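> The structure under discussion is supplied below as structure tokens; questions concerning it will follow.
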Amino acid sequence: SRGLGDVYKRQAEAETGRITYTMEQFDIIPEVEKAAIALVDAASIKQVNLQVHLSPSEIMVNIDKVFLRHIFFKLLSNVIRFIHKGSSISIHANDLDGACIIEVINNTNNPIGMEKLDEYFNRLANPYQSEEASSQTGIGFSIAKQLTEEMGGTLTYESNITIGNYFKLKFKLA
């Protein structure tokens, strides 16, 4: 059973806005697969073709699994939301140079654009606009980036005519 101290500690963390992460070691591959499956309906409504290319071997990470699911959902659902109807998204998961790399690629000659993505990804940067920002679109990108960074990962993006829309999640291997 948890002590009263834990309850107060959690309550204090909630009040200060700090999130407690429960880090655990697990294979990220089934999580990538689950995230893609969870968004198949959203993709098909928008006639977006979802392709998943997963590493055949397991990729062990040490992060919070629940928050990882939030990151995947927020990132992928926002990508689906902002790309053009009828396009395709490919999701790649591999390990490279001691890191787990998850790439979300949308090859299109009609990209979202860096200006828009910079705006979406930095929605939470200014604490005074949080109330206003939460009612705006694209905040999921900002939340995904913040959660990723708080767990020691990085979430980068690129958007231009040459590559289309490109998103890269990177976590250290366990």
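> Once you have the Cα-Cα distance between F26 and K46, take 0.36 nm times their residue separation minus that, and quote the gain in nm to one decimal.
Length difference between fully extended and current span is 4.0 nm.
> So, one more: Using 22 Å as the Cα-Cα cut-off, could you pick out the over-long pairs in K65/K170; K46/K172; K74/K168?
K46/K172
> Taking the Cα-to-Cβ direction at I161 and at L173 and moving 7 Å from each Cα, how far apart do the two end points lie in nm?
About 4.0 nm, to one decimal.
> Let me ask another. If you count only protein heavy atoms and use a 1.4 Å probe, how large is the accessible surface of R81, to the nearest 10 Å²?
130 Å²
> Taking 0.36 nm per intervening residue step and subtracting the Cα-Cα distance, what contour gain separates K85 from E58 on full extension?
6.4 nm
> Hey, with R₀ at 22 Å, roughly what FRET efficiency would N109 and H70 work out to, going by the Cβ-Cβ distance, to 0.05?
Computed FRET efficiency for N109 and H70: 0.10.
The values are calculated or read from the model by the stated rules, or taken from the named source; none is laboratory data. Predicted model only: the values in this text are computed from it and were never measured. Every residue, glycine among them, receives a Cβ derived from its backbone with ideal geometry; neighbour counts consider all protein chains shown. Ligands, DNA and RNA are stripped out before the accessible areas are found, and what is left, the full protein with its side chains, is counted by its heavy atoms. Shrake-Rupley method; radii C 1.70, N 1.55, O 1.52, S 1.80 Å.
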